[in-house]
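Student: Before I ask anything, let me first share the structure, which is written out below as structure tokens.
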Amino acid sequence: MAGQVIPREAILETRAARAEAELETMEMLVALHTAMIFRIAYSILRNHHDAEDAVQECFLRVLRYGKRMDEVRNVKTWLARIAWTVALDRRAPQNTVSLNNDESGEPLLEKLQATGRAPDDQAAGEQMRKLLEHIIPALPEDLRHPLELSTVQELNSSEIAEVLNIPESSVRTRLMRARRLLKEKLSALMEVKRHG
């Protein structure tokens, strides 16, 4: 076998087969994970077009990774981490979030109180969701990121730890603190509204 010459056609066929396999792998990744990558990017960027650009950038980075894809242990977590990094790189400085009005200009707390339902019932409603969408971005970044990955992306603690490159115990602690802080902020806002 030593010194045997491989015909050029065989080399080209091998390269073409490898390229076709890589393309099929990429198409499969795009089909399976685009929605998750978009949600991660959108949770950080809060803009549809910016999130779409981040998705494209994520897959470009995957293409550059190329042949080393076989080394990836958990594709979902690996892609989530790339999406997270891309979105953070693209993020504009955070603006202050207003809790006074929703998109229609209507005061959120008044809409929330106007339903006349018990707080447990209100938590399930659309107004509570909108209020949370305004409060969550105001959380400290170290608490907001794990919470978004947990609630929006439905990643578990070990996956979040891998995406954020922090210990799993830190993820659980930050999630607990974030949820407690959210509860305190909601309670304070409801109390102010009740007495104000």
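The values are calculated or read from the model by the stated rules, or taken from the named source; none is laboratory data. No experiment lies behind these values; they were computed from the predicted model shown. All Cβ positions, even for glycine, are placed from backbone atoms using ideal geometry, and neighbour counts span all protein chains on display.
Student: One residue is enough: does the range 160-171 have a residue meeting the conditions touching a residue at least 40 places away in the same chain (Cβ under 8 Å), among the β-branched types (Val, Ile, Thr) and surrounded by fewer than 20 Cβ atoms within 10 Å (Cβ to Cβ)?
Tutor: Within the range 160-171, not a single residue is touching a residue at least 40 places away in the same chain (Cβ under 8 Å), among the β-branched types (Val, Ile, Thr) and surrounded by fewer than 20 Cβ atoms within 10 Å (Cβ to Cβ).
Student: Working only within the range 118-171, note down all residues that are modelled with pLDDT of 85 or more and over 22 Å from Leu88 (Cα atoms).
Tutor: Once the filter is applied, which keeps residues that are modelled with pLDDT of 85 or more and over 22 Å from Leu88 (Cα atoms), the range 118-171 yields only Ser169.
Student: If you take the residues in the range 138-159 that are touching a residue at least 40 places away in the same chain (Cβ under 8 Å), out of contact with any Phe, Trp or Tyr (no Cβ under 9 Å at 6 or more places or on another chain) and crowded, with 17+ Cβ neighbours inside 10 Å, which one is farthest from Ile44 (Cα to Cα)?
Tutor: Among those residues, the one meeting the criterion is Glu159.
Student: In this structure, is Asp70 farther than 17 Å from Leu149 by Cβ, at pLDDT 90 or above, out of contact with any Gly (no Cβ under 9 Å at 6 or more places or on another chain) and not assigned by TED's automatic domain parsing to the domain that holds His145?
Tutor: Numbers: farther than 17 Å from Leu149 by Cβ: yes; at pLDDT 90 or above: no; out of contact with any Gly (no Cβ under 9 Å at 6 or more places or on another chain): yes; not assigned by TED's automatic domain parsing to the domain that holds His145: yes.
Spelling it out, it is not the case that Asp70 is farther than 17 Å from Leu149 by Cβ, at pLDDT 90 or above, out of contact with any Gly (no Cβ under 9 Å at 6 or more places or on another chain) and not assigned by TED's automatic domain parsing to the domain that holds His145.
So that you can scan it fast, the table gives a plain yes or no per residue for (1) out of contact with any His (no Cβ under 8 Å at 6 or more places or on another chain); (2) over 17 Å from Ile37 (Cα atoms); (3) assigned by TED's automatic domain parsing to the domain that holds Val75; (4) in a helix (DSSP H, G or I):
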| site | (1), (2), (3), (4) |
| --- | --- |
| Lys130 | yes, yes, no, yes |
| Pro137 | yes, yes, no, yes |
| Arg144 | yes, yes, no, yes |
| Leu149 | yes, no, no, yes |
| Gln153 | yes, no, no, no |
| Val163 | yes, no, no, yes |
| Ser169 | yes, yes, no, yes |
| Arg172 | yes, yes, no, yes |
